[in-house]
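One structure below.
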Amino acid sequence: MADEPTVKLYLGDCLDILPTLGKVDAVVTDPPYGLSFPYHSYVDSRFNLIRLIRLVMPLLHEMADNVFVLCGPSQITLYPEPDWVAAITWNTTGSFGKYGYSQWTPLLCYGSDLDGFGNVNNVMKTDTLTINGGAGVGFQRTKDEKEHSCPKPLNMMQMIANRFTLPGCTVLDPFMGSGTTGVACVRTGRRFIGIEIDEDYFKIAQKRIAEAQAQLPLFPPSNNGLHLTAAPGGLWNNVDDSGAAAGEP
Ligand SMILES: C[S@@+](CC[C@H](N)C(=O)[O-])C[C@H]1O[C@@H](n2cnc3c(N)ncnc32)[C@H](O)[C@@H]1O
């Protein structure tokens, strides 16, 4: 385990890649919403979301005892019944109202909670978590986050990582988009496996996660543990620490 890379990123369809992976400690993910968001390649229809949920949830439950899924209020009933629902709230002057993404977002929780009362990993052990930032779109986005049509704020994903997973554990995000869950995992000391179907988003995630790793004093950029693995039909080869693809000089 100690020799395992701390991050593995896969470009491809998670429905193809998940069956090739082993067990992980937790899934933390933010699947599409079925709200016609203008993703580059995935068509964000409600029909496609229902199909995706039906196919992916059994795979995720097989891989992890603890699965945490962000969705909008209007998607809760599309998912299998969770063990409990946490809520993320924020102050905002804007609201997406009937589209189900107003001032709170549900986190569907499958599995058992971390042991203990009070604080866990410095986050209050409560079912309602509040992030700062807001106005207009509801939360502030960095320049990198704006490159994706539906990114999550980094402070939200860091809080979720700290509240629901333990340091050193392996977290999987099969719908990683621009890689916010991965950045949060790097910054909070979790191992990360990410999958994204769109090549442009994958490249953004790759860059953001590598930058987050480079910023950690314990992981200098020359040995940052980044390990890109070719997905079936994917474009990325194994990359060693020098940045050369396997088999290249
Ligand atoms: C809501 S976004 C995730 C955004 C992410 N949380 C972030 O902060 O950037 C959902 C992502 O799932 C990707 N996606 C859709 N279907 C997929 C599939 N079958 N396998 C892998 N990724 C998929 C979409 O391209 C999109 O980037």
**Study point:** Every residue from the stretch 17-54 that is among the charged types (D, E, K, R) and touching a strand residue (DSSP E or B) at 6+ places or on another chain (Cβ under 9 Å)
**Key:** Lys23, Asp25, Asp30
Check your understanding: Just checking, how many residues over the stretch 159-192 are of a type outside the set (Gly, Ala, Ser), in contact with a Lys or Arg (Cβ under 6 Å, 6 or more places away or on another chain) and within 12 Å of the ligand (Cβ to nearest atom)?
Key -> 2
Practice item. For residues that are more than 9 Å from the ligand (Cβ to nearest atom) and either surrounded by fewer than 12 Cβ atoms within 10 Å (Cβ to Cβ) or small (Gly, Ala, Ser) (or both), tally how many sit in the stretch 1-42. Key: 12
Practice item. Keeping to the stretch 148-207, report how many residues are over 15 Å from Val27 (Cβ atoms) and aliphatic (A, V, I, L, M). Key: 8
Review point. Out of (1) buried (at least 17 other Cβ atoms within 10 Å of the Cβ); (2) near the ligand (Cβ under 9 Å from one of its atoms), what's the single condition that is false for Leu55?
Key: (1)
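Since every read-out is calculated from the coordinates, none of them should be taken as a lab result. Since we're looking at a predicted model, the values are computed, not measured. Cβ sites come from the backbone with ideal geometry, for glycine too, and all protein chains shown count toward neighbours.
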